Amino acid sequence: MPLRLRMIVASFATVVNGCAVVVDRVPPDIARHPSLARHHAAKFPIGAAVEPWQLETRAGQLLAWHFNSVTAENAMKPANLQPVEGRFDFAAADAIVDFAGRHGMKVRGHTLLWHEETPEWFWREADGKPATRERVLERLRTHVHAVAGRYRGRVYAWDVVNEVVHPLGPGCLRDTRWLQVVGPEYIAWAFRYAREADPSARLFLNDFETTEPTKRACLLRLVADLRAQGVPVHGVGHQMHIDLEKPTVAEVDKTLGLFAALGVEGHITELDMSIAANAAPGPARLERQAARYAALFEVFMAHPSVTAVSFWGISDARTWLNAKRSPADLDQPLLFDAQLAPKPAYFAVVKK
Ligand code: XIL
C-alpha cells in the first residue's frame, strides 16, 4: 500500500475509537473523499442502516470509511429475531454487530417493539385462543431480555418502541394489538424490560413525522408522562424520512428545541430525502437536495441535544424507497449515488 494511503488509513483508525482498529483495504477512490464521520466527530456519530449482505461488498467499504454507527435495517426486528416462540435466530444481527465491532463503529438497535413485523405467535395461546395480557407481557419481557441482553454493551442505544404515537388514536396512541391487549402501559413495560436487560443502553421512542404539530404534541406529552412516572426514557428518535419541501427546516429546528426542553436526547434515526419526480418536480433536484441537507445539518449541529444522525441506507444503490419503484423511475434520497460515488449532497454536508 502506498505510504500516503497507509497514513490516511492509520489516522482514520485512531480517530474513530481511540484504539487500534483495522480498516483494511479501503480503495483509494473511496479514501480520497473526507470521511463523513470524521468530519462530524466532534458533534455526533454518523450512522447508516444496513442489511448483512451489504457488509462484505464495496458498500461495506464505503460504510466503514464514512460512517461510525450502524443500524440493522431489518435484522433486529422481532419477527426476524424470534420467528417461532423460543427459537431465536441471531445470525444476521450478529454479522452486523460483529462488523461494527471490527471497525470501531457504534450500533443503534432497531427495534424491540413495533406493530409491524411482530410475529403472529405473540397473540395466540397454545390452544389458538387470543393470548392474555399477562402472556403477551411475559413474551415481551422474554424477547427484550434475550435481545437487549445478548447485545448488552455492544448496542449503545435502542429504539425500544417504534411508531407508537398516532394523533388520532385513543389517548394519542396508535390503535394496535399492543394497545388493545395490554393497554397503554405496554410502552412503560418495554422500557423497564430494556433497562433490566442492559442498564447502560440509551433508550428511545422512535417515530416518523415528529415535526407535525399535532403528532409532536402527542409525543411530547407521552415522553413527559413516562419520565414523570420514572420510566427510563432517554430520548426521542426522529425518523426524518423527508422530501424537498416538507417539513421546513424551521419546523425541524423548533421540534428539536421542544424535545430538548424536556431534557431528552434527540437522535435523527432514519434520515433520507426523497427527490423522486412526484416528490420533487422541477429541475436541479440534486442541487436542491444538497442545499437542503446542508441547512438541516446546520440545524442538527446547532442543537447540543442532537447526539446522533443516522441515514436509512448507505447509498442510492439500496434504499427502501425504491422497493416498489420501476427501474426507470428510481429515487435518490441519500448522499452517495447508485455507483457509490459522492453526490452534491455529500459535498454540502462535509462543508458544514
Ligand atoms: C423498512 C425497511 O427499510 C424495509 O426494507 C422493510 O421492508 C420495511 O421496513 N420506519 C422504520 C423502519 O422504523 O423500520 C422501516 O424500515 C422504514 C420506516
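Of the conditions (1) open to solvent by less than 30 Å² (accessible area, probe 1.4 Å); (2) out of contact with any helix residue (DSSP H, G or I) (no Cβ under 7 Å at 6 or more places or on another chain); (3) assigned to a helix (DSSP H, G or I), residue 159 satisfies every one except a single condition; which number is it?
Of (1) open to solvent by less than 30 Å² (accessible area, probe 1.4 Å); (2) out of contact with any helix residue (DSSP H, G or I) (no Cβ under 7 Å at 6 or more places or on another chain); (3) assigned to a helix (DSSP H, G or I), only one is false for residue 159: (3).
Could you check the stretch 65-89 and list, in sequence order, the residues that are under 19 Å from the mean Cα position of the chain (by Cα), away from the ligand (no atom under 16 Å from the Cβ) and over 21 Å from residue 267 (Cβ atoms)?
Once the filter is applied, which keeps residues that are under 19 Å from the mean Cα position of the chain (by Cα), away from the ligand (no atom under 16 Å from the Cβ) and over 21 Å from residue 267 (Cβ atoms), the stretch 65-89 yields only 65.
Does residue 194 qualify as being modelled with pLDDT of 95 or more, out of contact with any helix residue (DSSP H, G or I) (no Cβ under 6 Å at 6 or more places or on another chain) and assigned to a helix (DSSP H, G or I)?
The answer is no for residue 194.
Would you mind finding the one in 48, 79 that is touching a residue at least 24 places away in the same chain (Cβ under 8 Å) and farther than 25 Å from residue 29 by Cα?
Just one listed residue meets the conditions, 79.
Tally up the residues in the stretch 218-239 that are in contact (Cβ under 8 Å) with a residue 40 or more places away in the chain and either within 14 Å of residue 254 (Cβ to Cβ) or not assigned by TED's automatic domain parsing to the domain that holds residue 172 (or both), please.
Of the residues in that region, 2 qualify.
Counting only residues that are surrounded by 16 or more Cβ atoms within 10 Å (Cβ to Cβ) and more than 18 Å from residue 79 (Cβ to Cβ), how many does the stretch 142-153 have?
Residues flagged as surrounded by 16 or more Cβ atoms within 10 Å (Cβ to Cβ) and more than 18 Å from residue 79 (Cβ to Cβ) within the stretch 142-153 amount to 0.
If you take the residues of the stretch 168-177 that are out of contact with any Pro (no Cβ under 8 Å at 6 or more places or on another chain) and under 22 Å from residue 234 (Cα atoms), which of them is surrounded by the fewest Cβ atoms within 10 Å (Cβ to Cβ)?
174
Would you say residue 166 is on the phi < 0 side of the Ramachandran plot and in contact with a Cys (Cβ under 8 Å, 6 or more places away or on another chain)?
Spelling it out, residue 166 is indeed on the phi < 0 side of the Ramachandran plot and in contact with a Cys (Cβ under 8 Å, 6 or more places away or on another chain).
Out of all the residues in the stretch 311-352, which are aliphatic (A, V, I, L, M), surrounded by 15 or more Cβ atoms within 10 Å (Cβ to Cβ) and part of a helix (DSSP H, G or I)?
Those that are aliphatic (A, V, I, L, M), surrounded by 15 or more Cβ atoms within 10 Å (Cβ to Cβ) and part of a helix (DSSP H, G or I): 321, 345, 348, 349, 350.
Here are some conditions: (1) open to solvent by less than 40 Å² (accessible area, probe 1.4 Å); (2) among the acidic types (Asp, Glu); (3) within 16 Å of the ligand (Cβ to nearest atom). Residue 94 meets all but one. Which one does it not meet?
(3)
Residues are listed down the side, and each one gets a yes or a no for (1) part of a strand (DSSP E or B); (2) closer than 18 Å to residue 112 by Cβ:
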{"site": "56", "(1), (2)": "no, no"}
{"site": "59", "(1), (2)": "no, no"}
{"site": "64", "(1), (2)": "no, no"}
{"site": "71", "(1), (2)": "yes, yes"}
{"site": "80", "(1), (2)": "no, yes"}
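Would the stretch 180-191 turn up any residue that is in a loop (DSSP other than H, G, I, E, B), crowded, with 16+ Cβ neighbours inside 10 Å and among the β-branched types (Val, Ile, Thr)?
No.
Of the numbered conditions (1) open to solvent by less than 10 Å² (accessible area, probe 1.4 Å); (2) under 29 Å from residue 136 (Cα atoms); (3) β-branched (Val, Ile, Thr), residue 70 satisfies every one except a single condition; which is it?
Looking at each condition in turn, residue 70 falls short on (2).
Considering only the stretch 152-161, I want to know if a residue exists there that is more than 16 Å from the ligand (Cβ to nearest atom), touching a residue at least 40 places away in the same chain (Cβ under 8 Å) and either of a type in the set (Val, Ile, Thr) or not assigned by TED's automatic domain parsing to the domain that holds residue 215 (or both).
No, the stretch 152-161 has no match at all.
Which ones in the stretch 97-129 are among the aromatic types (Phe, Trp, Tyr) and within 14 Å of the ligand (Cβ to nearest atom)?
Answer for the stretch 97-129, where residues must be among the aromatic types (Phe, Trp, Tyr) and within 14 Å of the ligand (Cβ to nearest atom): just 114.
Just to confirm my filter: which strands (runs of 3 or more DSSP E) fall fully inside the stretch 211-310 and include at least 1 residues that are more than 16 Å from the ligand (Cβ to nearest atom), open to solvent by 10 Å² or more (accessible area, probe 1.4 Å) and not basic (Lys, Arg)?
By residue number, 265-274.
The values are calculated or read from the model by the stated rules, or taken from the named source; none is laboratory data. What you see is a predicted model; the values in this text were computed from it and never measured. In this analysis, Cβ positions are derived from the backbone assuming ideal geometry, glycine residues included, and neighbour counts consider all displayed protein chains. Areas reflect the complete protein model, heavy atoms only, side chains present, ligands, DNA and RNA absent. Shrake-Rupley method; radii C 1.70, N 1.55, O 1.52, S 1.80 Å.
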